[in-house]
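The values are calculated or read from the model by the stated rules, or taken from the named source; none is laboratory data. Predicted model only: the values in this text are computed from it and were never measured. Here Cβ is always computed from backbone atoms with ideal geometry, including for glycine, and neighbour counts include all displayed protein chains. To get the accessible areas, we keep the full protein, side chains included, count just its heavy atoms, and leave off ligands, DNA and RNA. Shrake-Rupley method; radii C 1.70, N 1.55, O 1.52, S 1.80 Å.
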Amino acid sequence: MALYLLFESASGYALFHAYGIDEIGQSVDAVRSTVLDLQRFSKAVKLAGFTPFLSAVDALNQCNAISEGIMTDELRNFLELNLPKVKEGKKAKFRVGVMEPKVGSHITEATGIPCESNDYIQELLRAVRLHFDQFIEQLKPSDLEKAQLGLGHSYSRAKVKFNVNRVDNMVIQAIFLLDTLDKDVNSFSMRVREWYGWHFPELVKIVNDNYLYAKLAKFVVNKSDLSEKDIPALADLIGDEDKAKEIVEAAKASMGQDLSPVDLINVQQFAQRVMNLSEYRKNLYEYLVTKMNDIAPNLTSLIGEMVGARLISHAGSLSNLAKCPASTLQILGAEKALFRALKTRGNTPKYGLIFHSSFIGRASTKNKGRMARYLANKCSIASRIDCYSDMSSSIFGEKLREQVEERLDFYDKGVAPRKNLDVMKAAIDGLTNTEDDDGKENGDASVKKSKKKKSKAEANGDAMDVDSAAAEAETGTEKKKKKKHKLEEPQDEEMQANGDDETPKKKKKKNRDAESVDPKTGTEGKSKKKKKKSKTEADE
């Protein structure tokens with residue numbers, strides 16, 4: 001059976017006919033030993049066909065299709081043109097070697113061409129890649145390198161493209177920076193307390209907050225300058241007038257040592273730096289909250305911004321977190337304890353980063369493990385919804401949070417929670433209702449315009465109906481009795497067909513006409529009967 005090799009290069013598709021396999025060898029080791037020898041390899045493989053790509057965009061599209069395991073129309077036409085034709089109802093007497101198994105299976109399903117992909121064929125294709133520029137005469141090695149470099153850049157750029165509003169890398173960097181800022185702000189605040197404590201040691205016991213302490217250190221500077229005039233300003237800084245008075249009284253009887261003006265300036269500058277860092281930490285936290293609501297709204301509403309961001313950063317990305325099973329997500333962050341327990345054959349940890357969630361803290365000691373397992377299950381669902389859904393909505397996260405609350409009540413009070421199916425149906429209904437509301441809001445303006453047009457048209461139509469009814473009434477009175485009798489049936493049919501559209505006044509007029517016609521038709525019937533009787537008597 002003949003063997004053909006399909007090679008996808010940066011410049012185009014190439015098909016090689018491996019007709020001298022015996023010279024190369026039919027094992028992987030034999031091919032590896034003869035790959036470097038071009039003369040020996042060229043005797044076994046020859047070029048059967050080559051089609052170049054039309055442009056760089058075409059090359060990128062073909063490369064993306066190959067990476068996804070899809071056979072394009074260009075590739076199909078190229079194979080059908082260069083491979084031997086197979087008669088209907090008969091098997092092919094050749095096989096095609098392909099580097100990607102997915103592409104081979106798609107080619108076989110679409111065209112019926114038998115494809116293979118194993119270690120032996122991959123070694124042959126590696127040899128083809130090594131000597132590819134020698135098989136095509138018009139292709140220079142420099143041109144091939146340029147094509148490979150350009151296609152590599154464009155392919156990587158296309159893979160790196162992302163939605164700007166859903167960049168989980170920004171969340172990872174923000175949570176790392178937030179953790180380092182917390183450590184730095186705490187250490188710097190302790191340094192301010194210790195440094196300024198030599199001058200005003202009583203202030204440490206009065207003010208516990210680090211940010212307020214830095215503010216006061218910058219405001220007071222020298223304790224001997226404090227007086228009762230500064231109490232309103234201190235009260236504005238602290239928010240408590242009693243504490244302000246206490247600070248002024250403590251400054252008067254302070255046991256701290258005096259500092260030189262240069263030392264006080266340095267303390268003041270350092271306190272300002274600590275204040276700036278604290279303010280930047282607040283702004284960074286707000287930024288993290290907004291990014292988490294954009295990237296993972298369901299996970300954020302379920303477990304919170306900080307814990308959700310730590311889970312994403314520990315997993316590496318939102319897609320990696322979505323791929324994790326619930327059991328792995330449960331112990332994320334407790335890898336050391338897990339491997340130590342496996343090594344010593346001890347108890348494995350019940351929770352990792354999930355422990356920082358409020359649900360685990362609210363659960364009783366005996367139910368913490370069960371609660372962690374249930375919460376990890378819901379977090380896994382929420383992360384998958386956030387990763388793979390096109391719409392960014394927090395409805396599913398809110399419903400999952402309600403489920404976790406119900407599970408807590410079930411563990412504490414024994415109240416039976418709702419079924420997962422009912423909760424998901426309610427979430428889907430809420431999502432569809434929000435979509436309908438958005439559509440209604442967008443279409444309000446057009447609906448109002450159409451209503452105005454319809455009202456005008458209905459007014460014109462009603463006027464036309466009244467005029468036509470009056471005209472029909474006038475013509476009906478002028479016609480003869482016989483014609484009225486003939487027109488009774490079509491008028492009745494029109495009444496039945498158009499009864500809903502006509503006005504009640506018109507119905508009353510027609511009913512009166514019908515009543516006025518009925519007695520006349522009855523007298524006509526009686527006169528006919530009398531005439532018939534007289535005729536029969538005359539005949540007798």
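Out of Asp422, Asp409, one residue alone is farther than 18 Å from Arg370 by Cβ, free of Cβ contacts under 8 Å to residues at least 60 places away in the same chain and assigned by the TED database to the domain that holds Ile303. It is Asp422.
Looking only at residues in the stretch 30-57 that are over 30 Å from Arg157 (Cβ atoms), under 48 Å from the mean Cα position of the chain (by Cα) and open to solvent by 40 Å² or more (accessible area, probe 1.4 Å), the one that is modelled with the lowest pLDDT is Arg32.
Matching residues to (1) loosely packed, with under 15 Cβ neighbours inside 10 Å; (2) modelled with pLDDT under 90; (3) farther than 30 Å from Asn377 by Cα:
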residue	(1), (2), (3)
Leu212	no, no, yes
Glu246	no, no, yes
Asp258	yes, yes, yes
Leu264	no, no, yes
Phe270	no, no, yes
Val274	no, no, yes
Tyr280	yes, no, yes
Leu288	no, no, no
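The condition of being free of Cβ contacts under 8 Å to residues at least 24 places away in the same chain and either out of contact with any Leu (no Cβ under 9 Å at 6 or more places or on another chain) or assigned to a helix (DSSP H, G or I) (or both) holds for only one of Glu109, Glu123, Glu80, that being Glu109. Filtering the stretch 415-433 to residues that are of a type in the set (S, T, N, Q) and farther than 21 Å from Met391 by Cα leaves only Asn420. Just one residue in the set Val267, Val274, Val262 is touching a Ser or Thr at 6+ places or on another chain (Cβ under 7 Å) and either among the aromatic types (Phe, Trp, Tyr) or outside the structural domain of Lys350 (by the TED database) (or both); that residue is Val274. Mind checking which residues of the stretch 341-379 are within 20 Å of Ile312 (Cα to Cα), among the hydrophobic types (A, V, I, L, M, F, W, C) and either in contact (Cβ under 8 Å) with a residue 24 or more places away in the chain or open to solvent by less than 30 Å² (accessible area, probe 1.4 Å) (or both)? Result: Leu353, Ile354, Phe359, Ile360, Ala372, Leu375, Ala376, Cys379. Does the stretch 380-401 contain at least one residue that is of a type in the set (Phe, Trp, Tyr) and either surrounded by fewer than 14 Cβ atoms within 10 Å (Cβ to Cβ) or within 18 Å of His356 (Cα to Cα) (or both)? Yes, the stretch 380-401 has at least one match.
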